[in-house]
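What follows is one structure encoded as structure tokens, with my remarks underneath.
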Amino acid sequence: MAGVTFQTGLAHYIGLMTERKLSLHWFRRDLRVSDNPALLSALRHGPAVAVFVLDEHPSIRALGGASRWWLHHSLAALQKDLTALGMTLILARGDAGAIIPKLCLELGIGHVTANRGYDAGAIAAEQALHTALAEHDIRLELHAANLLHDPNALRTGQGRPYQVYTPFWRALIATGEPAPPLPAPVAQPVSDLFHTAAKHSESLADWGLLPTAPDWAHAMRAEWQPGEAGAQRRLTEFFPRALYGYKEMRNHPDRVGTSRLSPHLAFGEISPRQIWQATKTYCAAHGLNPMAGDAEHFLKEVCWREFSYHLLVHFPNLPTEPLRPQFKRFPWADDPTGLLAWQRGRTGFPIVDAGMRELWQTGWMHNRVRMIAASFLIKDLLLPWQLGEAWFWDTLLDADPANNAASWQWVAGCGADAAPYFRIFNPVLQGEKFDPNGDYVRRFVPELARLPNRLIHQPWQATPLELREAGVTLGGNYPNPLVDHNQARQRALAALATISESAA
Ligand SMILES: Cc1cc2nc3c(=O)[nH]c(=O)nc-3n(C[C@H](O)[C@H](O)[C@H](O)COP(=O)(O)OP(=O)(O)OC[C@H]3O[C@@H](n4cnc5c(N)ncnc54)[C@H](O)[C@@H]3O)c2cc1C
């Protein structure tokens, strides 16, 4: 070190140490270590600690039961991944705006990082934390990690948010390639902070996120591997197994024709940038054009998620209020019995019941069947879409503030780029088209398993002998249909006419 004396070297070292503030990364729906810009930033200047706050404040929408199960396992996986990086994950319950500043003072932290949230509760929590930290001269640094592009940056030629998907997709593509994903941080030597911070953590087991009485999660344990490693595994398995033919097969609930990445995306265990890049890399290696055919269709679906977030950012009431205001006057029915039958998968329409039972047992439902089951609730039972949104919020492992709300509004015909309300799914025809051999129904509605294919989607058409031979008793071990679909359709159209006229 020519020209550097002991004194100047020491001064430089002391200068660095005072400049280097310990950092804290606030984990939220970004439960991964790779492609996590805020986590990387926290570690850029030296030792850092991480915190996850289970915020149970009434202003924050409480997690549903299925999401709580996922969160438990996802946090357990994250804890292991962080320990391998030499970092502690502090678990705390309560208000992030109070807990994080307190931790900062106790641990001597001068810099907090987080990845942005996009729903109203997440944004409010960021603002409250920013204000609380500023009182102690601590900076909150926010990054963007969970979307391909900034949802505020995309606007129509008139400067308005997009409300139709195709122009949104074109605009998104026109902005150029999303930023490439970032690597995972390099492991740090275990510092004093590692041990001190651990003393501040609550125990995950004490949070009671797992169901006990009864333990309804056994099918979930068999099906899912929450955490970043599970997400990466799903992604790598998806390409060889289902990318080829995705455009067609994604509609078939009787096949594994989609990626099943949705719960991993909902918890941020994988980023859309990683999915985007991996798709391009796979296509390049297999001589496929990522912007055509099956691959393009897959990327377009990933961008439906972007579209939902774009809507949520611009219409923060998306989870509760229809985007088309005339739907506030829609004459919904009051039918608690119908709602319960739908929730329990006992509507008497096999494809709807199979979907609702798939949801209950596995925490996930195929997209095609989500559309059929949602249409049935809204149009055959005439029940408000918000009731369906709330049930899905509670039971879906991938319950997502943007995708769930936008999709329910889409089916109800009251959202952006919505399927028109008068387009009413016929559950029998949908079943026959997308589950032609009844494999999906037989799996989730086993009491119908012995019916022949031509009757599996409409058991009420069977003769008494056919029912007896199949061991089915309508109104006994399987319900009679809750409604006559054709009459229900007419009722729904008449209800629509009341708001169309009053809107005119
Ligand atoms: C009534 C209803 C409610 C829904 N609620 C949710 C929800 O809470 N959370 C959620 O993630 N998705 C929701 N969806 C969208 C869709 O059903 C799921 O994203 C999809 O089934 C997930 O399966 P996958 O990961 O195998 O999808 P793939 O087909 O492999 O697609 C990859 C990813 O693209 C995104 N994507 C795919 N289809 C859609 C879509 N139609 N809309 C928005 N994004 C899509 C998802 O993030 C998905 O993980 C809902 C759809 C409906 C009709």
query = Expressed in nm to one decimal, what extension gain is obtained for the pair Arg423 and Lys328 from 0.36 nm per residue of sequence separation less their Cα-Cα distance?
reply = 32.3 nm
note = Put Lys280, Lys379 in order of accessible area, largest first, probe 1.4 Å, and you get Lys280, Lys379
task = May I ask for log10 I(q)/I(0) of the chain at q = 0.06, 0.11, 0.13 Å⁻¹, from a Debye sum over the Cα atoms as equal point scatterers with solvent left out?
result = -0.32, -1.00, -1.32
key: Cβ-defined net charge surrounding Gly471, 12 Å radius [Lys, Arg +1; Asp, Glu -1]   = -1
query = Tally Lys/Arg at +1 and Asp/Glu at -1 over every other residue whose Cβ is under 11 Å from the Cβ of Ala405; what's the total?
reply = -3
ask   = Leu22's amide H: which non-local residues (gap 5+, or another chain) put their own amide H closer than 5 Å, with H modeled 1.01 Å from N in plane and none for Pro or chain starts?
value = Gly110
note = Rounded to the nearest Å, the spacing of the alpha-carbon centers of segment 259-322 and segment 447-501 is 36 Å
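Where the accessible area of the chain is counted over protein heavy atoms with a 1.4 Å probe, how much of it, in %, is carbon and sulfur?
56 percent
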message = With a 1.4 Å probe and all protein chains kept in place, how much accessible area does Ser271 have, in Å² rounded to the nearest 10?
response = 0 Å²
task = Determine the order of Ser67, Ser262 by accessible area, beginning with the largest, at a probe radius of 1.4 Å.
result = Ser262, Ser67
note = If R0 = 35 Å, then Ser203 and Glu321, at their Cβ-Cβ distance, give a FRET efficiency to the nearest 0.05 of 0.35
request  = Treat each spin label as a single point 7 Å out from the Cα along the C-beta direction, and report the Asn477 to His136 distance in nm.
outcome  = 6.3 nm
task = Starting from the Cα of Lys328, draw a straight line to each of the lysines and keep only those under 21 Å, dropping any in the same chain fewer than 8 residues away.
result = Lys379
ask   = Cα to Cα, under 18 Å, and not fewer than 8 places away if on the same chain: which aspartates and glutamates meet these conditions relative to Lys199?
value = Glu106
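Using a 1.4 angstrom probe on the protein heavy atoms only, could you order His57, His457 from most to least accessible area?
Numbers: His57 90, His457 5 Å².
Order by accessible area, largest first: His57, His457.
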remark   = Taking only the alpha carbons of segment 6-146, the radius of gyration and the largest Cα-Cα distance, Dmax, both in angstrom, are 16.0, 61
query = Restricting attention to the alpha-carbon atoms of segment 133-187, what are Rg (one decimal) and Dmax (integer), both in Å?
reply = 16.4, 48
ask   = How much solvent-accessible surface does Val190 expose, in Å² to the nearest 10, with a 1.4 Å probe and all protein chains in place?
value = 90 Å²
remark   = Per 10 angstrom bin, beginning at 0 and ending with the bin that holds the maximum distance, the Cα pairs of segment 300-377 fall in percents of 16, 33, 38, 12
ask   = Roughly how many Å² is the accessible area per residue of the chain, as a whole number, for a 1.4 Å probe?
value = 44 Å²
For segment 325-496, radius of gyration divided by Kirkwood radius, i.e. Rg to Rh on alpha-carbons = 0.97
task = Averaging sequence separations of C-alpha pairs under 8 Å and six or more residues apart, then dividing by the length of the chain, give the relative contact order as a whole percent.
result = 16 percent
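The values are calculated or read from the model by the stated rules, or taken from the named source; none is laboratory data. Nothing here was measured: the structure is a model prediction, and the numbers come from that model. With ideal geometry, Cβ positions are generated from the backbone for all residues, glycine too; neighbour counts draw on all protein chains shown. SASA here: full protein model, heavy atoms, side chains in, ligands and nucleic acids out. Shrake-Rupley method; radii C 1.70, N 1.55, O 1.52, S 1.80 Å.
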